[in-house]
Amino acid sequence: YDVARFDEMLPEEILRRNISDTAGLFLGTPYLWGGRSVVNTESTFNVQRSRFKVNSQLTTHTSQLIAGVDCSSLTNLVFRINNVDIPRDAHDQWLAAERISPDELKPGDLVFVSESGNSDRIIHVMLYLGEECFVEALETGSVVQTGTFKDRFHAGLSVLSDNDFKVDDKKVYFGRVLNAR
């Protein structure tokens, strides 16, 4: 699996900051498994209503547009917006990433979680923001949000390290798709 960089001239520090800032734009976006679209349904509703003067029955339908992202589409879109093309699926993103240790984590790196009972199968990805914080699209019924290792895994990185990064029969891994310069 390849990671394609379209803009090699942007300094890594700026690119990492841009990736973290871009992830913030997705906060509050609904989780939708397989989703890869972000639509502000309220503004869509208002634009259509003002431009086309549609009837109330149609506007009710329009206000129920389904849009959202899942974990891997969130990271995929954040990187693509910043001219870095990574695979769409969390497991494929893991295969494309350089393995790193948690003490090497920088904003813009990825945190992967395996399937319960199968540490070889990655089923979730989060975007690391720094200071043990990340942004993720977790599950149906939730929205893209920030979190901490302590909140999500009931332990900070040092305690997770003591447990070989195993939590509830899952394994946590760390990866980098932005090459250090």
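If the Cβ limit is 6 Å and pairs must be 6+ apart or interchain, which residue in the stretch 116-127 that is outside any strand (DSSP E or B) pairs with which residue that is surrounded by 13 or more Cβ atoms within 10 Å (Cβ to Cβ)?
S116/K170
Per-residue answers, yes or no, for (1) out of contact with any Leu (no Cβ under 7 Å at 6 or more places or on another chain); (2) crowded, with 16+ Cβ neighbours inside 10 Å:
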{"site": "I122", "(1), (2)": "yes, yes"}
{"site": "L129", "(1), (2)": "yes, yes"}
{"site": "F134", "(1), (2)": "no, yes"}
{"site": "V143", "(1), (2)": "yes, no"}
{"site": "G147", "(1), (2)": "yes, yes"}
{"site": "K150", "(1), (2)": "yes, no"}
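Among all residue pairs at least 6 apart or on different chains, which show Cβ distances below 7 Å where the first residue, located in the stretch 149-177, is modelled with pLDDT of 90 or more and the second is among the basic types (K, R) and surrounded by 13 or more Cβ atoms within 10 Å (Cβ to Cβ)?
From the stretch 149-177, the pairs are G156/K150; F165/K171.
Taking the stated definitions as given, is F45 outside any loop (DSSP other than H, G, I, E, B) and modelled with pLDDT of 65 or more?
Details: outside any loop (DSSP other than H, G, I, E, B): yes; modelled with pLDDT of 65 or more: no.
No; evaluated as a whole, the condition is false for this residue.
Within the group F112, F79, which residue is open to solvent by less than 60 Å² (accessible area, probe 1.4 Å), modelled with pLDDT of 95 or more, under 22 Å from S142 (Cβ atoms) and in a helix (DSSP H, G or I)?
On the way: F112 fails: in a helix (DSSP H, G or I).
Within the list F112, F79, the selection yields F79.
Among K171, K106, K150, which is the only one that is among the basic types (K, R), closer than 23 Å to S20 by Cα and touching a strand residue (DSSP E or B) at 6+ places or on another chain (Cβ under 8 Å)? Before the answer, list the steps.
Numbers: K171 fails: closer than 23 Å to S20 by Cα; K150 fails: touching a strand residue (DSSP E or B) at 6+ places or on another chain (Cβ under 8 Å).
Exactly one residue qualifies, and that residue is K106.
Can you tell me which residues in the stretch 132-141 are in a loop (DSSP other than H, G, I, E, B), of a type in the set (D, E, K, R) and either in contact with a helix residue (DSSP H, G or I) (Cβ under 7 Å, 6 or more places away or on another chain) or closer than 18 Å to L15 by Cα (or both)? So that I can check it myself, show each step before the final result.
We begin by selecting, within the stretch 132-141, every residue in a loop (DSSP other than H, G, I, E, B); these are 132, 137-141.
Applying the additional criterion that residues be of a type in the set (D, E, K, R) yields 132, 139.
Residue satisfying the conditions is E132 alone.
Would you mind stating whether G147 is closer than 26 Å to D85 by Cα, among the small types (G, A, S) and in a loop (DSSP other than H, G, I, E, B)? Spell out how you get there, then give the answer.
Values: closer than 26 Å to D85 by Cα: yes; among the small types (G, A, S): yes; in a loop (DSSP other than H, G, I, E, B): no.
Considered against the rule, which asks whether it is closer than 26 Å to D85 by Cα, among the small types (G, A, S) and in a loop (DSSP other than H, G, I, E, B), G147 comes out as no.
The values are calculated or read from the model by the stated rules, or taken from the named source; none is laboratory data. Keep in mind that this is a model prediction, so the values were computed, not measured. For neighbour counting, all protein chains shown are included, and Cβ atoms are generated from backbone atoms with ideal geometry for every residue, glycine included. What goes into the accessible areas is simple: the full protein's heavy atoms, side chains included, and nothing from ligands, DNA or RNA. Shrake-Rupley method; radii C 1.70, N 1.55, O 1.52, S 1.80 Å.
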